[in-house]
Amino acid sequence: MVRAMAEESGSRLERMSGMLKRRGFILPAFEIHGGSKGLYDFGPNGGRLRNRVNQIWLDHWISLGNVAEISCPTITPYEVLEASGHVGEFSDFMTACLVCDDVSRADTLLENDHTNPDSLSKIELDNLLKMVQPECPSCGANQWGPVIAQNLMFNTTIGAGNSGRAAFLRPETAQGMFTSFPSLYRHFREKLPFGAIQVGKGYRNEISPRQGMIRLREFNMAELEYFIDPEMPLEHDFTRWSDYEFNLISEAEGEIKQSISAAVDAGIIRHGTVGYFIAMTHDFLAKVGIDESRIRFRQHETTEMAHYATDCWDAEILGSYGWVECVGIAHRGCYDLEAHEQFTGKSLRARRDFTEPKQVVVDGWTIDGAVAGPIFRSLANKVKTAVEKLPKTVDFPLILDIDGTPITVEKEHVKRLQRTETVTGEWFIPHVVEPAFGIDRIIWHILDHAYQETTKQDEIYTLMRLSSNIVPVDYAVFPLFEKDGMGQIARMVNDQLNSKSGIVSTYDSSGSIGRRYARADEIGIPICVTVDHQSVEDNTVTIRDRDTGKQKRVSIADL
RNA sequence: GCGAGCGUAGUGUAGUGGUUAUCACCGGGCGUUGCCAACGCCUGAACCCGGGUUCGAGUCCCGGCGCUCGCACCA
């Protein structure tokens, strides 16, 4: 029984994949050259469907009112992804033997020469490799080429030859939004919370892409980075969802059905904004035609979460491959902005005014610039910083340790510093809540959920019950026959529909009328318009609903 | 990356070394039919790539590429 079901669903998957290829939804890319694993085309129907999904996604988040769309390059300099932690987490450092071309992991080669080679940077590995000259495990030589970060990110070079700058194709769109933070902060008049969204391509050089559209090497992603002040009270309105029970799998409670506000109040969802985005994500998925009963939200185990995240929920969708994670909603704390700030020294902060200004009494020492400056020269600034940290009770002269050098500070080098400052606010690194959508995986499940097989005269009849929000073609126009003027009327109706903005209509006159309806059903065209003999008399046509097959007669003018 | 299986028209397939590669659906044209894959005629379209064995390879062998499944990997 179970086996029979498995075989049944297996062949359904095969028939569906065949149909998606035949009808130009999704197909293997570059197939005439043998194809390439993990790369797919969206065909003439899939292309438009993808575009409409992207557009709905953008509109969905922009409707929040404090979210802006941006677009960043996919080519990303090495340093950006080094700062974000991707180089360390995402890749292995490889080096090629100059004699036999065999590639080895640099840290493995240096295992006997360093206590923790895994922790070394690329430059450190390069240097240590030149110094140690370890033996090549395959040929015994000891000449090594430059260290290259390799694996899950695609390497590339900006510019030509030796002067080129190391770079990657981005593994996610997020980093561009973090590095654009100063511009976003100004755009939003320096007021949190606000968000940046972006749809675009991401690249991961997966070791072994599998399962069709589920793991790709180049994929469409859509991410929102929502910047918040961790100390500001949240203002999320959950009333829209007060009657809706979400499928949640929480770390503590297991599988439960609960409203979002209840789950947030109970602390199951650890942050209100995460809860709000879970609800928003659910609405988006429903809008593009995902079956609501096949959506669930699963909380990451504490051990499975990235070390900096405080809460993370995946939206999982049930389809032909089981439950697949399609959206990740993570509270990332201040990790990303802080990482870029530390790496670049540029401020990525927002300002928070105190409710009442604070009086800060400064009572200590500082250097007397006129005297100490010429004496300490380039160290003067560091001496000043050190002196200002001293308590007011110290006696001079005293010896300070500046970068490992003992410096004697005489009484005439310093002066008392006493003043009262009024501090009106403080700078802090905003926290980030990030919903990240795998568009291809979502599209796969849209197609999977829409694909329906019924039986008609002992044959399998295929119907795509796509949401009219995202169908690639909105109308099909058929002349019952292409004679007696029906063809001309049908062409005119088709032109009229196509001239409307955002509407796509196709004209089809080949084969019997039933065959044309069947073709339209397989693409998921919601409305078929048929021009018949009566149309010639009174300018009416029949319109047929895809899902019910029901027809009614309307005037051409009313279309 | 390792192991196993597979690769034939757009799709699904038949083909155990021997004519011009099977069948169905499919696509296009014409005809016919008063609305749900009807029918007739005509027509289009394939052995993944490269080597080898052989008089002869879609078929056997080797390598590559791709697909599927397990193991590993999957911020």
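The values are calculated or read from the model by the stated rules, or taken from the named source; none is laboratory data. Everything numeric in this text was worked out from a predicted model, so none of it was measured. FYI the Cβ positions are ideal-geometry reconstructions off the backbone, even for glycines, and counts take in every protein chain you see. Keep in mind that these areas ignore ligands, DNA and RNA; they rest on the heavy atoms of the full protein, side chains included. Shrake-Rupley method; radii C 1.70, N 1.55, O 1.52, S 1.80 Å.
Observations on the structure shown:
- Within the range A:437-457, residues that are without any contact (Cβ under 8 Å) to a residue 60 or more places away in the chain sit with their Cβ atoms under 8 Å from residues that are away from RNA strand B (no atom under 12 Å from the Cβ) and open to solvent by 10 Å² or more (accessible area, probe 1.4 Å), at 6+ positions apart or across chains, in these pairs: A:Q452/A:R465.
- Among the residues of the range A:325-335, those identified as farther than 15 Å from A:P230 by Cα and either crowded, with 22+ Cβ neighbours inside 10 Å or more than 12 Å from RNA strand B (Cβ to nearest atom) (or both) are A:C326, A:V327, A:I329.
- Residues that are at pLDDT 75 or above and surrounded by fewer than 15 Cβ atoms within 10 Å (Cβ to Cβ), drawn from the range A:90-123: A:I123
- Condition met for A:R217 (among the charged types (D, E, K, R), open to solvent by 30 Å² or more (accessible area, probe 1.4 Å), under 19 Å from A:E82 (Cα atoms) and under 23 Å from the mean Cα position of the chain (by Cα)): no
- Filtering the range A:220-238 to residues that are touching a residue at least 12 places away in the same chain (Cβ under 8 Å) and more than 21 Å from the chain's Cα centre (by Cα) leaves A:D229, A:P230, A:E231, A:M232, A:L234, A:H236, A:F238.
- Qualifying position, being more than 16 Å from RNA strand B (Cβ to nearest atom), open to solvent by 50 Å² or more (accessible area, probe 1.4 Å), without any contact (Cβ under 8 Å) to a residue 12 or more places away in the chain and small (G, A, S), among A:A262, A:A286, A:A266: A:A266
- Filter result for A:T393 (in a strand (DSSP E or B), away from RNA strand B (no atom under 16 Å from the Cβ) and among the polar types (S, T, N, Q)): no
- Options A:D237, A:D243; residue that is charged (D, E, K, R), in a loop (DSSP other than H, G, I, E, B) and farther than 18 Å from A:P435 by Cβ: A:D243
- The condition of being touching a helix residue (DSSP H, G or I) at 6+ places or on another chain (Cβ under 7 Å) and either of a type outside the set (A, V, I, L, M) or at pLDDT 95 or above (or both) holds for only one of A:L480, A:L466, that being A:L466.
- Selection count, the range A:38-47, where residues are surrounded by 18 or more Cβ atoms within 10 Å (Cβ to Cβ) and either assigned to a helix (DSSP H, G or I) or among the polar types (S, T, N, Q) (or both): 2
- Condition check for A:Q488: more than 8 Å from RNA strand B (Cβ to nearest atom), surrounded by fewer than 18 Cβ atoms within 10 Å (Cβ to Cβ) and in contact (Cβ under 8 Å) with a residue 40 or more places away in the chain: no
- Counted residues, the range A:176-195 - those being in contact with a Leu (Cβ under 7 Å, 6 or more places away or on another chain) and polar (S, T, N, Q): 0
- The range A:461-513: number of residues that are among the hydrophobic types (A, V, I, L, M, F, W, C) and more than 27 Å from A:W444 (Cα to Cα): 11
- Scanning the range A:338-389 for residues that are touching a residue at least 60 places away in the same chain (Cβ under 8 Å), surrounded by 12 or more Cβ atoms within 10 Å (Cβ to Cβ) and acidic (D, E) returns A:E338, A:E341.
- Pairs linking a residue in the range A:153-181 that is open to solvent by 10 Å² or more (accessible area, probe 1.4 Å) to a residue that is assigned to a strand (DSSP E or B) and acidic (D, E), with Cβ atoms under 9 Å and 6 or more positions apart or on different chains, are A:F154/A:E218; A:L169/A:E218; A:E172/A:E223.
- Among (1) of a type in the set (A, V, I, L, M); (2) more than 8 Å from RNA strand B (Cβ to nearest atom); (3) more than 24 Å from A:K500 (Cα to Cα) - the single one A:I513 does not satisfy: (2)
Yes/no per residue for (1) farther than 26 Å from A:V423 by Cβ; (2) touching a Cys at 6+ places or on another chain (Cβ under 6 Å):
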residue	(1), (2)
A:S320	yes, no
A:A330	yes, yes
A:K358	no, no
A:D368	no, no
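- Candidate set from the range A:298-356 (those that are polar (S, T, N, Q) and within 21 Å of the chain's Cα centre (by Cα)); member that is modelled with the highest pLDDT: A:Q299
- If you go through the range A:464-485 and keep only what is more than 10 Å from RNA strand B (Cβ to nearest atom) and not hydroxyl-bearing (S, T, Y), you end up with A:M464, A:R465, A:L466, A:N469, A:I470, A:V471, A:P472, A:V473, A:D474, A:A476, A:V477, A:G485.
- Qualifying residue in the range A:200-211 (condition: touching a Cys at 6+ places or on another chain (Cβ under 9 Å), within 16 Å of RNA strand B (Cβ to nearest atom) and either open to solvent by less than 70 Å² (accessible area, probe 1.4 Å) or farther than 23 Å from A:H331 by Cβ (or both)): yes
- Of all residues in the range A:443-470, those that are of a type in the set (A, V, I, L, M) and either assigned to a strand (DSSP E or B) or touching a Phe, Trp or Tyr at 6+ places or on another chain (Cβ under 9 Å) (or both) total 5.
- Here A:T310, A:T239, A:T302, A:T281 are screened, and the one residue that is surrounded by fewer than 20 Cβ atoms within 10 Å (Cβ to Cβ) and closer than 30 Å to A:P182 by Cβ is A:T310.
Residue-wise test of (1) near RNA strand B (Cβ under 8 Å from one of its atoms); (2) of a type outside the set (S, T, Y); (3) open to solvent by 10 Å² or more (accessible area, probe 1.4 Å).
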position	(1), (2), (3)
A:T462	yes, no, yes
A:V493	no, yes, no
A:K500	no, yes, yes
A:D521	yes, yes, no
A:G524	no, yes, no
A:V529	no, yes, no
A:D538	no, yes, yes
A:K550	yes, yes, yes
A:R553	yes, yes, yes
